[in-house]
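The values are calculated or read from the model by the stated rules, or taken from the named source; none is laboratory data. Every value quoted in this text rests on a predicted model; they were computed, and no experiment measured them. Cβ placement follows ideal geometry from the backbone for every residue including glycine, while neighbour counts extend to all protein chains displayed. Protein only, heavy atoms only, side chains kept; ligands, DNA and RNA dropped before computing areas. Shrake-Rupley method; radii C 1.70, N 1.55, O 1.52, S 1.80 Å.
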Amino acid sequence: MSSTSHYPAAPTAQGIETRTLSVIVDNEPGVLARVIGLFSGRGYNIDSLTVSETEHQKHLSRITIVTRGTPMVIEQIKNQLERLVPVHRVVDMTVSGPAIQRELAMVKVAGKGEPRVEALRLADAFRARVIDAGTESFIFEITGASEKIESFINLMLPLGLVEVSRTGIVAISRGPEGM
Amino acid sequence: MSKDMTGAEMVIEALADQGVQHVFGYPGGAVLPIYDAIFQQEKVRHILVRHEQGAVHAAEGYARSTGKVGCVLVTSGPGATNAVTGLTDALCDSIPVVVITGQVPTHLIGNDAFQECDTVGITRPCTKHNYLVKSIDELPRVLHEAFHIAASGRPGPVVVDIPKDIQFAKGTYSKPREFAHQGYRPKLKGDLNRIKQAVELMARAKRPLFYTGGGIVNSGPNASTLLRELVKLTGFPITSTLMGLGAYQASDPQWLGMLGMHGTWEANWAMHDCDLMICIGARFDDRITGRLDAFSPGSTKIHVDIDPSSINKNVKVDVPIIGDCAHVLEDMVRLWRAGGVQADKKAMGEWWKQIEKWRARKSLAYRNSDKIIKPQYAIQRLYELTKDRDTYITTEVGQHQMWAAQFYGFQEPNRWMTSGGLGTMGYGLPAAIGVQLAHLKSLVVDIAGEASVLMNMQEMSTAVQHRLPVKIFVLNNQYMGMVRQWQELLHGGRYAESYTHSLPDFVKLAEAYHAVGIRCEKPGDLDGAIGEMIKVDRPVIFDCVVDQNENCFPMIPSGRAHNEMLLGDSGESVEDAITEEGKMLV
């Protein structure tokens with residue numbers, strides 16, 4: 001007999017997909033804990049999470065979550081999120097239509113001489129702005145898709161990369177419609 | 001009309017406005033202002049329990065037997081943490097309960113003050129919603145919102161944590177008209193096109209089956225009436241989960257009995273072989289489905305549920321309908337009648353012939369004895385002697401619970417209170433107290449095991465104090481019976497810690513609580529003793545000494561499917577029935 005359970009077997013037939021969810025919530029104390037607690041309590045993944053109040057009069061915040069799972073799990077995540085009382089809407093930015101996803105990173109690079117010049121030259125190519133400069137270090141600000149930021153960081157690595165601070169992904173749909 | 005008053009007075013005012021007549025609770029430092037307010041009024045009656053867990057279970061029993069919201073008042077710290085099991089229980093079984101907890105004053109929160117705990121943090125995953133009230137201005141709104149959220153949609157427990165300074169603070173109370181959470185709007189009406197599609201599938205089905213659950217009971221008595229109408233109209237067989245018992249009358253020939261791990265042969269086989277499953281208000285729990293990849297493999301599945309997250313969680317369904325059971329059932333009945341549809345007579349005849357063959361297997365049969373009381377026999381006698389009365393049944397958790405579900409024939413909804421999802425031992429006695437309080441003249445019986453009932457035995461004191469004549473019918477086999485059964489099946493009969501030494505003398509225990517104790521050891525004495533128990537107008541502990549070795553069958557062993565049930569009289573050894581992998585499972 002196969003090894004199966006009274007509990008659902010881990011779904012192996014479906015592939016794992018990465019999705020970006022935008023969640024509109026009432027900005028009230030504990031709302032982020034509810035969302036995060038839901039993910040940890042039910043064993044869902046969070047790859048990236050950003051949150052900020054976006055409509056001050058209505059006290060609404062927008063949470064952008066990048067998560068992974070089978071289509072069935074993703075559907076569960078959406079339904080479970082919508083079940084939370086302060087949650088207004090959940091939209092799957094990956095499937096609801098064309099959407100733009102961006103991330104911002106601040107990258108500190110220290111060095112002198114040729115590596116320093118090289119870092120500055122690459123930053124220019126990546127359209128990264130210098131937001132702080134000293135004789136021995138730069139801080140670059142770079143915005144873009146995660147892959148672009150990833151490759152910029154990789155290039156900085158041998159040139160004296162000190163540290164990186166990233167916002168995580170924010171997303172918005174293209175076209176005239178709001179979510 | 002708005003009035004000026006303290007936060008503590010607002011709590012009472014809001015409860016009264018919500019129609020709360022009884023609140024179960026236990027006082028403590030951080031709720032003293034509210035208790036002071038309770039002392040000075042007569043609108044809301046307080047029922048003092050002996051442990052906060054008992055308060056929540058009592059409120060659950062109250063809620064489940066009346067359809068109203070149960071209400072609880074406990075103090076901060078240990079008061080709140082003791083309530084957590086009850087909250088989780090209510091969340092798992094979707095029971096509407098509002099629990100008001102005291103909290104240390106606002107300026108002390110986070111300082112590790114005496115009897116402080118992070119109540120909203122601890123109860124966040126075990127409530128439908130919770131609040132920490134930080135300003136007197138929001139207190140009236142929060143209190144009313146709590147009741148609305150607890151009772152609407154898929155019901156559940158809500159916690160309102162009120163710091164002591166807020167209880168003392170003065171403010172203006174009025175019943176709010178507006179509901180702050182715009183995002184919370186449970187959907188009641190089902191999608192009509194989907195319902196049409198469902199009715200068409202029902203008309204074409206050759207081997208259909210209704211599979212119903214606690215959602216019908218939660219939806220209200222109207223849902224049960226409509227379900228009965230639809231089942232009669234279609235002529236389809238019906239089975240139900242543990243939580244849904246009573247929604248359809250057990251005496252009806254179309255009723256196949258409960259399904260699942262300890263369900264009947266006919267219910268489980270019908271589930272396995274059906275070509276159309278009409279699931280209404282049930283959630284494909286693992287106790288129901290057994291092995292998922294072999295669960296009802298050939299059926300088209302319709303699923304009606306008010307909670308979208310229940311749909312496609314464990315089992316992929318073909319026609320999901322999000323809505324309240326009563327609303328959807330009403331549409332189904334209307335469409336079935338309007339369409340002038342008839343079920344496929346010939347196919348139904350064959351389907352019923354097959355079902356009768358399964359039924360003839362008599363899967364609940366057991367070998368009775370005239371020397372020793374068989375637990376199944378005890379429940380059968382209890383049923384026969386109480387069925388014509390106005391009776392409510394609660395249970396603890398374990399073998400006795402399954403036997404009660406199998407052998408007690410429930411005819412009406414809201415008559416059966418059991419801890420289904422969480423499986424909380426110690427649920428039955430406090431729940432019975434809550435039920436009895438709501439139905440003072442009715443017969444309320446807690447079918448119990450001797451191990452479970454000891455977990456909240458202190459509530460006997462509550463029953464006696466408030467003159468609630470609950471009957472605790474203990475099937476005493478001196479074992480944690482279900483644990484022992486699993487150890488017999490899965491662990492080579494090594495009964496680690498499942499035998500209870502040093503049990504109390506239950507008759508003397510009852511007497512110590514100023515209640516009545518009855519002990520019965522012989523099958524011949526059973527009817528007389530049960531009669532005596534019913535007659536007594538005081539709380540009773542009935543110590544029914546039963547066969548220690550009886551097991552609960554049928555049983556779907558771990559890792560098996562619905563068509564691989566074990567029966568009590570089958571030749572197959574239970575040890576052979578479970579694979580090494582199966583032993584890993586719960």
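Only one of A:Gly111, A:Gly134 is without any contact (Cβ under 8 Å) to a residue 12 or more places away in the chain and either open to solvent by 70 Å² or more (accessible area, probe 1.4 Å) or not assigned by TED's automatic domain parsing to the domain that holds A:Glu53 (or both). Can you tell me which? Please lay out each step first, then the result.
On the way: A:Gly111 fails: without any contact (Cβ under 8 Å) to a residue 12 or more places away in the chain.
Only one candidate qualifies: A:Gly134.
So that you can scan it fast, the table gives a plain yes or no per residue for (1) open to solvent by 10 Å² or more (accessible area, probe 1.4 Å); (2) not in a strand (DSSP E or B):
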{"position": "A:Ile65", "(1), (2)": "no, no"}
{"position": "A:Met72", "(1), (2)": "yes, yes"}
{"position": "A:His88", "(1), (2)": "yes, no"}
{"position": "A:Val95", "(1), (2)": "yes, yes"}
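Would you be able to say whether some residue in the range B:569-579 is under 18 Å from B:Lys374 (Cα atoms), open to solvent by 50 Å² or more (accessible area, probe 1.4 Å), at pLDDT below 95 and assigned to a loop (DSSP other than H, G, I, E, B)? Steps first, please.
Our first condition is that a residue be under 18 Å from B:Lys374 (Cα atoms); within the range B:569-579, this holds for B:569.
Remaining after also requiring open to solvent by 50 Å² or more (accessible area, probe 1.4 Å): B:569.
Cutting the leftovers down to at pLDDT below 95 gives us B:569.
Subset that is assigned to a loop (DSSP other than H, G, I, E, B): B:569.
Within the range B:569-579, one or more residues are under 18 Å from B:Lys374 (Cα atoms), open to solvent by 50 Å² or more (accessible area, probe 1.4 Å), at pLDDT below 95 and assigned to a loop (DSSP other than H, G, I, E, B).
Of all the residues that make up the range A:143-179, how many are open to solvent by 30 Å² or more (accessible area, probe 1.4 Å), over 17 Å from A:Gly97 (Cα atoms), part of a strand (DSSP E or B) and not basic (Lys, Arg)?
The qualifying residues number 6.
Is it fair to say B:Gly213 is crowded, with 19+ Cβ neighbours inside 10 Å and closer than 23 Å to B:Val11 by Cα? Explain how you work it out, then say what you get.
On the way: crowded, with 19+ Cβ neighbours inside 10 Å: yes; closer than 23 Å to B:Val11 by Cα: no.
In short, no.
Under the condition of being open to solvent by 50 Å² or more (accessible area, probe 1.4 Å) and either in contact with a strand residue (DSSP E or B) (Cβ under 6 Å, 6 or more places away or on another chain) or part of a helix (DSSP H, G or I) (or both), which residue from the range B:123-148 is farthest from the other protein chains (Cβ to nearest Cβ)? Give the derivation first.
In the first step, residues of the range B:123-148 are kept if they are open to solvent by 50 Å² or more (accessible area, probe 1.4 Å); the result is B:124-125, B:132, B:134, B:137-138, B:141, B:148.
Filter once more, keeping what is either in contact with a strand residue (DSSP E or B) (Cβ under 6 Å, 6 or more places away or on another chain) or part of a helix (DSSP H, G or I) (or both): B:124-125, B:132, B:137-138, B:141, B:148.
Numbers: B:Arg124: 6, B:Pro125: 5, B:Leu132: 7, B:Asp137: 14, B:Glu138: 10, B:Arg141: 12, B:His148: 10 Å.
Here the answer is B:Asp137.
Does B:Val69 satisfy the condition of being among the hydrophobic types (A, V, I, L, M, F, W, C), open to solvent by 10 Å² or more (accessible area, probe 1.4 Å) and within 22 Å of B:Asn222 (Cα to Cα)?
Details: among the hydrophobic types (A, V, I, L, M, F, W, C): yes; open to solvent by 10 Å² or more (accessible area, probe 1.4 Å): yes; within 22 Å of B:Asn222 (Cα to Cα): yes.
Against the criterion (among the hydrophobic types (A, V, I, L, M, F, W, C), open to solvent by 10 Å² or more (accessible area, probe 1.4 Å) and within 22 Å of B:Asn222 (Cα to Cα)), B:Val69 qualifies.
How many residues, within the range B:149-167, are within 19 Å of B:Ala16 (Cα to Cα) and open to solvent by 50 Å² or more (accessible area, probe 1.4 Å)?
Selection size over the range B:149-167: 1.
So is B:Ala343 out of contact with any strand residue (DSSP E or B) (no Cβ under 7 Å at 6 or more places or on another chain) and modelled with pLDDT of 95 or more or not?
Values: out of contact with any strand residue (DSSP E or B) (no Cβ under 7 Å at 6 or more places or on another chain): yes; modelled with pLDDT of 95 or more: no.
In short, no.
So which of A:Pro98, A:Pro86 is within 22 Å of the chain's Cα centre (by Cα) and over 19 Å from A:Phe39 (Cβ atoms)? Don't jump to the end; show me each part of the working.
Details: A:Pro86 fails: over 19 Å from A:Phe39 (Cβ atoms).
Answer to the selection: A:Pro98.
For residues that are of a type in the set (A, V, I, L, M) and closer than 23 Å to B:Thr225 by Cβ, scanning just the range B:394-444, find the one that is surrounded by the most Cβ atoms within 10 Å (Cβ to Cβ).
It comes out as B:Val435.
With the checklist (1) within 14 Å of chain A (Cβ to nearest Cβ); (2) out of contact with any His (no Cβ under 6 Å at 6 or more places or on another chain); (3) touching a residue at least 40 places away in the same chain (Cβ under 8 Å) in hand, flag the one item B:Gln182 doesn't pass.
(3) is the only condition that B:Gln182 fails.
What's the number of the only condition in (1) open to solvent by less than 60 Å² (accessible area, probe 1.4 Å); (2) part of a loop (DSSP other than H, G, I, E, B); (3) acidic (Asp, Glu) that B:Asp331 fails to meet?
(2)
When only residues in the range B:270-307 that are of a type in the set (S, T, N, Q) and assigned to a loop (DSSP other than H, G, I, E, B) count, which is farthest from the other protein chains (Cβ to nearest Cβ)? Steps first, answer last, please.
The first filter runs over the range B:270-307 and keeps only residues of a type in the set (S, T, N, Q), leaving B:289, B:296, B:299-300.
Filter once more, keeping what is assigned to a loop (DSSP other than H, G, I, E, B): B:296, B:299.
Details: B:Ser296: 14, B:Ser299: 18 Å.
It comes out as B:Ser299.
Of the residues in the range B:308-333, how many are of a type in the set (Val, Ile, Thr), more than 8 Å from chain A (Cβ to nearest Cβ) and under 18 Å from A:Met72 (Cβ atoms)? First the steps, then the outcome.
If we filter the range B:308-333 for residues that are of a type in the set (Val, Ile, Thr), which is where we start, we get B:311, B:315, B:317, B:319, B:321-322, B:328, B:333.
Of the ones still in play, those that are also more than 8 Å from chain A (Cβ to nearest Cβ) are B:315, B:317, B:319, B:321-322, B:328, B:333.
This time we only want the ones that are under 18 Å from A:Met72 (Cβ atoms), so: B:315, B:317, B:319, B:322.
The number of residues fulfilling the criteria is 4.
Can you name the residue in the range B:168-179 that is away from every other protein chain (no Cβ under 11 Å) and among the aromatic types (Phe, Trp, Tyr) and is also surrounded by the fewest Cβ atoms within 10 Å (Cβ to Cβ) among such residues?
Checking each candidate, the answer is B:Phe168.
Output the number of residues of the range B:350-393 satisfying the condition of being surrounded by 15 or more Cβ atoms within 10 Å (Cβ to Cβ) and closer than 30 Å to B:Leu437 by Cβ.
12
Say whether the condition of being touching a residue at least 40 places away in the same chain (Cβ under 8 Å), buried (at least 23 other Cβ atoms within 10 Å of the Cβ) and within 20 Å of A:Ile36 (Cα to Cα) is met by at least one residue in the range B:102-119.
Scanning the range B:102-119, I find at least one residue that is touching a residue at least 40 places away in the same chain (Cβ under 8 Å), buried (at least 23 other Cβ atoms within 10 Å of the Cβ) and within 20 Å of A:Ile36 (Cα to Cα), so the answer is yes.
Is it the case that A:Asn27 is open to solvent by 20 Å² or more (accessible area, probe 1.4 Å) and farther than 26 Å from B:His181 by Cα? Explain how you work it out, then say what you get.
Values: open to solvent by 20 Å² or more (accessible area, probe 1.4 Å): yes; farther than 26 Å from B:His181 by Cα: no.
In short, no.
Tally the residues that are open to solvent by less than 10 Å² (accessible area, probe 1.4 Å), closer than 23 Å to B:Met555 by Cα and in a helix (DSSP H, G or I), restricting the search to the range B:447-480.
So the answer is 2.
B:Lys3 fails exactly one of the following numbered conditions: (1) farther than 23 Å from B:Ser94 by Cβ; (2) open to solvent by less than 10 Å² (accessible area, probe 1.4 Å). What is the number of that condition?
The single condition B:Lys3 does not satisfy is (2).
Any idea which residue in the range B:485-533 is surrounded by the fewest Cβ atoms within 10 Å (Cβ to Cβ), counting only those that are part of a loop (DSSP other than H, G, I, E, B), in contact (Cβ under 8 Å) with a residue 12 or more places away in the chain and among the hydroxyl-bearing types (Ser, Thr, Tyr)?
Going through the qualifying residues, I end up with B:Tyr495.
Check whether at least one residue in the range A:49-62 is assigned by TED's automatic domain parsing to the domain that holds A:Thr143, open to solvent by less than 40 Å² (accessible area, probe 1.4 Å), out of contact with any helix residue (DSSP H, G or I) (no Cβ under 7 Å at 6 or more places or on another chain) and modelled with pLDDT of 95 or more, and report yes or no.
Narrowing the range A:49-62 to residues assigned by TED's automatic domain parsing to the domain that holds A:Thr143: none.
For the range A:49-62, residues assigned by TED's automatic domain parsing to the domain that holds A:Thr143, open to solvent by less than 40 Å² (accessible area, probe 1.4 Å), out of contact with any helix residue (DSSP H, G or I) (no Cβ under 7 Å at 6 or more places or on another chain) and modelled with pLDDT of 95 or more: absent.
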